[in-house]
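Novice: The structure follows.
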């Protein structure tokens, strides 16, 4: 039986008076890839950012309901958001390597955790870059700026940077939308290879991408969760007319 890693219950989020999420109930299982789909402005990225409290950084945001991770509500007073984001890492839409060397990008979070021994750092850098399938591209460029890499390589370095701190969950907000098709395909292959080792949640506008790489798919519309099911069932046998209309291109 699948093990639940995150569960949201009656999750509402407001930007000022505007209700952006309307009571989301969703269960994420350990080791699965979940795709969040829906038209622009439907709440999927907002929902994603709730899972590691990135919305806290936006002024005038308030939430009600709960996000339970490891049997604790992450909105509780005991939550340390820095620690939370080490366990629930994030990869953004635009590749955002730090303006450092490739090596220093990967070791940045490790040094914050107090890991200083060079031999250990070297091992983690190599393992993380290999896990993100970018080691062969950058092994001779570790001391060069990550900003000099191609967009697809930068994004895989960003994935490696998240993997280096050994998270449980990886959140990905349209990680391939700024990339060309070949680079996008390499990112998809990377995520597919990581399936089972990490729980991943990916926001995507690309229907075929969602159908190729995810185990489950959630369809959002106007801040509501319309349908959530196995990806195959969502795409072949949608239960809700709104889901069918969106997937078949009748709106959105």
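The values are calculated or read from the model by the stated rules, or taken from the named source; none is laboratory data. Just so we're clear, the structure is a prediction, and the values are computed from it rather than from any experiment. Cβ: placed from backbone, ideal geometry, glycine included. Neighbour counts: every protein chain shown.
Novice: Could you please tell me which pairs satisfy a Cβ distance under 9 Å, a separation of 6+ or placement on different chains, a first residue in the range 12-39 that is on the phi > 0 side of the Ramachandran plot and without any contact (Cβ under 8 Å) to a residue 60 or more places away in the chain, and a second residue that is assigned to a strand (DSSP E or B) and surrounded by fewer than 20 Cβ atoms within 10 Å (Cβ to Cβ)?
Specialist: 16/61; 16/62
Novice: Can you tell which of 94, 72 is loosely packed, with under 15 Cβ neighbours inside 10 Å, out of contact with any helix residue (DSSP H, G or I) (no Cβ under 8 Å at 6 or more places or on another chain) and over 23 Å from residue 166 (Cβ atoms)?
Specialist: Values: 72 fails: over 23 Å from residue 166 (Cβ atoms).
The unique qualifying residue is 94.
Novice: Could I ask something else about it? Between 178, 218, 210, which is outside any strand (DSSP E or B) and touching a strand residue (DSSP E or B) at 6+ places or on another chain (Cβ under 9 Å)? Don't jump to the end; show me each part of the working.
Specialist: On the way: 178 fails: touching a strand residue (DSSP E or B) at 6+ places or on another chain (Cβ under 9 Å); 218 fails: outside any strand (DSSP E or B).
Matching residue, one of 178, 218, 210: 210.
Novice: Now for a separate question. Residue 9: within 30 Å of residue 134 (Cβ to Cβ), surrounded by fewer than 17 Cβ atoms within 10 Å (Cβ to Cβ), at pLDDT 95 or above and in contact with a strand residue (DSSP E or B) (Cβ under 7 Å, 6 or more places away or on another chain), yes or no?
Specialist: On the way: within 30 Å of residue 134 (Cβ to Cβ): no; surrounded by fewer than 17 Cβ atoms within 10 Å (Cβ to Cβ): yes; at pLDDT 95 or above: yes; in contact with a strand residue (DSSP E or B) (Cβ under 7 Å, 6 or more places away or on another chain): yes.
Answer is no for this residue.
Novice: Under 6 Å by Cβ, and 6 or more places apart or on different chains, what pairs join a residue from the range 233-252 that is on the phi > 0 side of the Ramachandran plot with one that is assigned to a helix (DSSP H, G or I) and crowded, with 20+ Cβ neighbours inside 10 Å?
Specialist: 252/246
Novice: Filter the range 71-104 down to the residues that are without any contact (Cβ under 8 Å) to a residue 40 or more places away in the chain and either under 29 Å from residue 150 (Cβ atoms) or not in a helix (DSSP H, G or I) (or both) and list them by number.
Specialist: Pass one, the range 71-104, residues without any contact (Cβ under 8 Å) to a residue 40 or more places away in the chain: 71-85, 104.
Hits for the range 71-104 are 71, 72, 73, 74, 75, 76, 77, 78, 79, 80, 85, 104.
Novice: Inside the range 105-164, can you point out the residues that are surrounded by fewer than 20 Cβ atoms within 10 Å (Cβ to Cβ), part of a loop (DSSP other than H, G, I, E, B) and in contact with a helix residue (DSSP H, G or I) (Cβ under 8 Å, 6 or more places away or on another chain)?
Specialist: Result: 113, 115, 133, 139, 141, 142, 143, 144, 150.
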